[in-house]
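Q: Before anything else, here's the structure in question.
Laboratory data are not the source of any read-out in this text; all were calculated from the coordinates shown. Because the structure is predicted, anything quoted here is derived from the model rather than measured. So basically every Cβ, Gly included, is an ideal-geometry build from the backbone, and we count neighbours across all protein chains shown.
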2 protein chains.
Amino acid sequence: MMDKKSPIEITLADRDESVTITQWVYRTLRNAVMNGQILPGRALTIRELAKILDVSPMPVREALRQLSAENALEIQGNRRVMVPRMTAMKFNELCEARIAIESHAAARALPYIDAIRLEELRALDRLIDKAQDEGNLEDVSILNQNFHRALYTANPHQVTLPLIESLWLQLGPFMRLATSKLEEHYLVDRHNEAMTAIEKKDAFALQLAIASDIREGIAFAGTPELLNNFIQQAGAPA
Amino acid sequence: MMDKKSPIEITLADRDESVTITQWVYRTLRNAVMNGQILPGRALTIRELAKILDVSPMPVREALRQLSAENALEIQGNRRVMVPRMTAMKFNELCEARIAIESHAAARALPYIDAIRLEELRALDRLIDKAQDEGNLEDVSILNQNFHRALYTANPHQVTLPLIESLWLQLGPFMRLATSKLEEHYLVDRHNEAMTAIEKKDAFALQLAIASDIREGIAFAGTPELLNNFIQQAGAPA
DNA sequence: AATAACACAATGTGATCACAAAAAAGATTA
DNA sequence: TAATCTTTTTTGTGATCACATTGTGTTATT
């Protein structure tokens, strides 16, 4: 026959003291999803995860529910939970949603960007360039998120970041697969365009820069060949 | 002194058989939030809600976590939970976010709207007009949501509805306060404009119609006077 | 009378248990 | 051998309990 169940290898998050176990489990599982450590379609059980993370089932239960509410996990009718499967169409929808929402968030944040924020963004941009030169794709990905987050949160009344993070989370596993091939491509630094637009307080140019940044960061991940490699991963047919 | 705690009056959702208690509690609390039955800033405790709903603390715990993840509730630093307070700026951000995301969702759904879907939308539109004439604002609000939902879900690969519902949930309590004054205003029927745009497959016109629909539905709720009446509701200063 | 110290009650977190439903495995039959 | 039925195991759900922490009301002190 075939092997029983594909094993799950989860890297444990730092166990910061004075943080609840539930929060730690949530962080750990969230990272595992974003890092693609859990195959889409693979059924997750509370007890199994509890054993892996060496905690009682209770914190796992809560973390799973939270992640499901954030669309990071999907509850099947059988009330079993798994990482949602991806399709080319859905991938495309997620990207377009990112562009629509994030360019909106950027434009809304623009009036609030002062000198201090601007320098913060510049510093992040430099770090990204550095990590890029060193070929440290892991850091590029994280720093890139930090750049976007720093931009949007400049708006103190901002309400879209949770929605954006939800989209990141859904794209996460598949972006990662894409970025592994990222170094092969010439990468236009759209962040410079964004910085210029910010300095000029040009909302429209900023939106274009953000849109391009998103599009190029994941364009080749959307190619049917690459996508289809990962769409039907965990063998179940339905 | 002052009264101890403001009592909570929650209308219980229909207890559909073969649905888990957690789901029922979730539905009940979700409705309570949208209907403004829970005052913003009012601290909620698991045990109190469990007693009101006559269930064990466990389902309440799970429902609260889910609602928090959907931004319907907010976890204070004390890890106590409450309906988030509203500010005029935040209200505005939520409206603008709705416009950006929903007009995007509408445009993305447009190509998928066939004759059957079109008729479904027309039927909903007629129901809304009818409820409007009868002054049944309760139904108008619900049917209006159904209209938007039916439009966006025409796209079978749609991914934004959960995000949109999150925004509805956050605006819910305050929209309701607004709609109570709605009959005083002349209401342009933007749904007709939307229907026309859909028939013509004119994405841009559709986006404009949706944007106008959202803006007018809540415009006067955003007036400082009306808003400030409800912003500092539950007396706590911080 | 205002404030600080204390004691008591209430709360979230996490663990454990019981149970019905669902999966998986095994046995049986065509 | 393939399909169907039966048995066994596993799983999510919900209830209850223990405990450390926080909130609250009371008393004592200046």
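Q: Set the Förster radius R0 to 51 Å, insert the Cβ-Cβ distance between B:GLU138 and A:ASP133 as r into 1/(1 + (r/R0)^6), and round the FRET efficiency to 0.05.
A: With R0 = 51 Å, the Cβ-Cβ based efficiency is 0.25.
Q: How long is the gain from A:ARG126 to A:TYR112 if the chain were fully straight, where each residue apart is worth 0.36 nm and the alpha carbon distance is subtracted?
A: 2.9 nm
Q: Whole Å is fine, so just give me how far the alpha carbon centre of the stretch B:98-149 lies from that of the stretch A:14-41.
A: 39 Å
Q: For an R0 of 35 angstrom, estimate the FRET efficiency from the Cβ-Cβ distance between B:ASN31 and A:MET58 and round to the nearest 0.05. Each step should come with its number before you reach the end.
A: Values: r = 27 Å, r/R0 = 0.78.
Once the sixth-power term is evaluated, E becomes 0.80.
Q: Once you list every other residue whose beta carbon is under 9 Å from the beta carbon of A:ILE164, what net charge do they have if Lys and Arg are +1 and Asp and Glu are -1?
A: Taking every Cβ under 9 Å from that of A:ILE164, the sum is 0.
Q: Between B:ILE75 and A:LEU39, what is the FRET efficiency for a Förster distance of 22 Å, r being their Cβ-Cβ separation, to the nearest 0.05?
A: With a Förster radius of 22 Å, E is 0.10.
Q: Separate question: Let me confirm one metric for peptide A:20-27, namely the mean number of other chain beta-carbon atoms within 10 Å of its residues' beta-carbons.
A: Mean shielding count: 1.
Q: Per the Kirkwood formula on distinct C-alpha pairs, the Rh of the stretch B:103-144 is how many angstrom?
A: Result for the stretch B:103-144 stands at 11.4 Å.
Q: Give me the inter-chain shielding for B:113-125: mean count of other chain Cβ atoms within 10 Å, whole number please.
A: Counting other chains' Cβ atoms within 10 Å and averaging over B:113-125 gives 0.
Q: Just grab the label-to-label distance for B:ALA150 and A:LEU161, each label 7 Å out from Cα along the Cβ direction, in nm (one decimal).
A: About 3.8 nm separates the two model spin labels.
Q: Next question. Give me the dipole magnitude in Debye, nearest 20, for the stretch B:1-156 about the Cα centre, with unit charges on the beta carbon: positive for Lys and Arg, negative for Asp and Glu.
A: Taking the Cα centre of the stretch B:1-156 as origin, the dipole is about 880 debye.
Q: Now, a different point. Using the Cα atoms of the stretch B:1-109 to build a convex hull, what is its mean projected area in square nanometres?
A: One quarter of the hull surface, i.e. the mean projection, equals 9.5 nm².
Q: While we're here: When you look at the Cβ of every residue in A:159-170, what mean number of other chain Cβ atoms sits within 10 Å? Numbers along the way, then the final one.
A: Details: counts 16, 8, 0, 6, 9, 1, 0, 6, 3, 0, 0, 2.
What the average comes to for A:159-170 is 4.
Q: Same structure again: With a point put 7 Å past each Cα toward its Cβ, work out how far B:ARG47 is from B:THR20 in nm, to one decimal.
A: It works out to 2.5 nm between the two label points.
Q: What is the distance, in nm, between label points placed 7 Å from the Cα along the Cα-to-Cβ direction at A:ILE8 and at A:LYS201?
A: Result: 5.0 nm between the two label points.
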